[in-house]
Amino acid sequence: MSRATRVLTAVACLALTATLAGCANKGTAVPGEMDVRTLDTGTYPVNRFTYDRNSNGHGPTLEGMHMADAVVPTVKVDPSLKVGRGGIVLTSVKDVVSVSHLSSSATPVLQNRGFIAGFAASGSDLPDPAGSDNPDPASTTVTVRVLRFPSVDNAKLAAKELEDADFNVALDQNKKLTLPDYPDAFSHWRPTSPTIGVTMPRKEFVISIFASRPRIDQADLLSWAKKALDAEVPVVDAFQGTPAGQIDQLPVDPDRLLARILVSDRDNHTPDPDNFAVYGPNQLVTPAGDEALRQRLVDDTGMDAMALTEDGYLFRTRDARGSSDLVSGLISSLGETSLSPSAPDKVPDTKCVQHTSDTSTSYRCYVVYKRYVGVVSSDNQADVLKKGTAQYVLLVNSL
């Protein structure tokens, strides 16, 4: 999942390297708090704002973002699968095939049965080899896809046809398998390969699972397929998809999370999984190098939503304490070091850090205001402090 790896490694590392260009000097006085009008925010827009909520044809993309919480992080399939390989919104048939690596034989099935949107996530017990988007051959790796269709009947037909199409790609080599606990599931493997594929309809969704192991063992592969379904089925059952007839009416940024992220320009933003999106908490877990640690951080802080733009991130937690704890947990897990000064002048509850990777050094500020955490970044230390100031003012003004 190359796009998933690129985008969600950025989430995992919070490598917010976009360069912003200045901010507005506006604000309001809040009783019991400092008067943010005294802070220098440059030319960044920091007044309270609401983006156009009309999806303008991007309803399926919004539903795909929503579906991030319909796919279980792999650490919940098995504790050993804690190395997140990322998750990705599937907004088109092409995405399902080329990005999530479902067989190209699926294309006519997805088209004929009215595929709407989907989400896929992958995890492993070993990191991918350096410079590769493919899992380590010595690893155990599980990929879970959930694909949305217009109706229960369409999902049932799609599941059977997806299985048949994939099986027929190597008709002389593939062998049918069964999972007694899941009589609706279709499964097969190739006895010369340590992999198994499973397709199963559930409500108006199709669950598609692909698992690989370091050795060829049919019983072992079946046990991993069952583990994946045991973890995924309750998540799909609990997930409330948008009725098919209402998807085009889904609102953009209904809780105004995107509007709280500091940007240099508020014009021309449309729903985009990589650059203008709102997700539930799973999207912070699935790309993490240690999903178990990240899941505990999410649970402990009550982080229930995140948003991202090209310019920054926003997290919503249970309360101000949760926000502070989320920042501390992220900084610790990412190995970031404090800057000096560690926060913009006169800006409270803000931590600014240096993040060093193999190829670059960047700077970011985590800005806490009540239950929100805004994250801004720059490749320049002075610039990131100015952005931190503007982000704080925007958060104050946005309540």
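The values are calculated or read from the model by the stated rules, or taken from the named source; none is laboratory data. Everything numeric here is computed off the predicted structure, so don't read it as measured data. Because the Cβ atoms are built from the backbone with ideal geometry, glycine has one as well, and the counts that use them run over all protein chains shown.
What the table shows:
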quantity	calculated
Qualifying position, being closer than 17 Å to SER80 by Cβ, modelled with pLDDT of 95 or more and within 19 Å of the chain's Cα centre (by Cα), among ALA231, ALA225	ALA231
Residue among THR140, THR178 that alone is hydroxyl-bearing (Ser, Thr, Tyr), free of Cβ contacts under 8 Å to residues at least 12 places away in the same chain and in contact with a strand residue (DSSP E or B) (Cβ under 9 Å, 6 or more places away or on another chain)	THR178
Boolean, SER100 is among the small types (Gly, Ala, Ser) and touching a Lys or Arg at 6+ places or on another chain (Cβ under 8 Å)	yes
Residue within the range 236-255 that is crowded, with 17+ Cβ neighbours inside 10 Å, under 27 Å from TYR182 (Cβ atoms), of a type in the set (D, E, K, R) and in the same structural domain as THR74 (by TED's automatic domain parsing) present	no
Total residues in the range 351-365, condition crowded, with 21+ Cβ neighbours inside 10 Å and either in contact with a Gly (Cβ under 8 Å, 6 or more places away or on another chain) or part of a loop (DSSP other than H, G, I, E, B) (or both)	2
Residue in the range 286-298 that is at pLDDT 95 or above, of a type in the set (A, V, I, L, M, F, W, C) and within 26 Å of ARG148 (Cα to Cα) present	yes
When residues of the range 359-383 are limited to those that are in contact (Cβ under 8 Å) with a residue 40 or more places away in the chain and among the aliphatic types (A, V, I, L, M), the one nearest to VAL298 (Cα to Cα)	VAL373
Matching residues, the range 184-243, being in a helix (DSSP H, G or I) and of a type in the set (S, T, N, Q)	GLN218, SER223
Candidates LEU293, LEU334, LEU339, LEU314, filtered to the one that is surrounded by fewer than 20 Cβ atoms within 10 Å (Cβ to Cβ) and touching a Gly at 6+ places or on another chain (Cβ under 9 Å)	LEU293
